[in-house]
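Everything below concerns the one structure shown next.
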Amino acid sequence: MDTSLSPQAGQLERPLEQRVSYRLARLHVKLNAQATRILRRHGGLTLVQWRVLVMLNAFTETTVGQVARMTRFDKALISRTVKSLVRAGLVKARSDDLDQRQQLLSMTESGVRVFNAAAPHMYARQDALLDSMDATQREVLFDALDRLEDVADRVDAF
């Protein structure tokens, strides 16, 4: 039985394997599932919680809005995730002295411990992904991703 995803007559212009959005979505699902398994095993975190902690580790103190902009996640999702991290004692929030409406977020000592438990495994995973390519392939990959992101940013292009 032929299991290739080649088009049936008149259905698709190109096979699914040659569609950028299909391949990126498939890879996205695989990478997220892999990351979820690692984070569950080494910290009990969700992927979104991890991404918030990564931002707090990089910027020490930041806001929900800044995390949402940097991750390009929905602000409401980030807000709910931050609340779960605060309840778990991994993140603390304090009012911004310059703008009392803003909450400045930072990791607690417990948050740092959980982050540090998961980080070596998540970074090893990143290294494995990058090590699967030589320097030229990595450069081509990141150039291609930049180009695809530029096209995706043109919301009215199609």
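None of the figures in this text is laboratory data; all of them are computed from the coordinates on show. Treat the numbers as computed from the prediction; the structure is a model and nothing was measured. Virtual Cβ from ideal backbone geometry, glycine too; neighbours counted across all protein chains shown.
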Relative contact order [Cα under 8 Å, 6+ residues apart], the chain, whole percent: 17 percent
Anchor K92: lysines whose Cα lies under 23 Å away (excluding residues fewer than 8 positions away in-chain): K75, K83
Rounded FRET efficiency, nearest 0.05, which uses the C-beta distance separating L145 from E17 and R0 of 22 Å: 0.75
From phi via Karplus (6.51, -1.76, 1.60), per-residue ³J(HN,Hα) for region 111-127 in Hz, x at Gly/Pro: x, 4, 4, 5, 4, 5, 6, 8, 4, x, 6, 5, 6, 4, 4, 4, 4
Nitroxide proxy distance, nm - points 7 Å out along Cα→Cβ at A88 and D74: 2.0 nm
Backbone HN-Hα couplings from phi across region 37-48 [Karplus 6.51/-1.76/1.60, Hz, Gly and Pro as x]: 4, 4, 5, 5, 6, 10, x, x, 9, 7, 5, 5
Cut-off under 5 Å, modelled amide H: who pairs with L104 long-range: R94, S95, D96
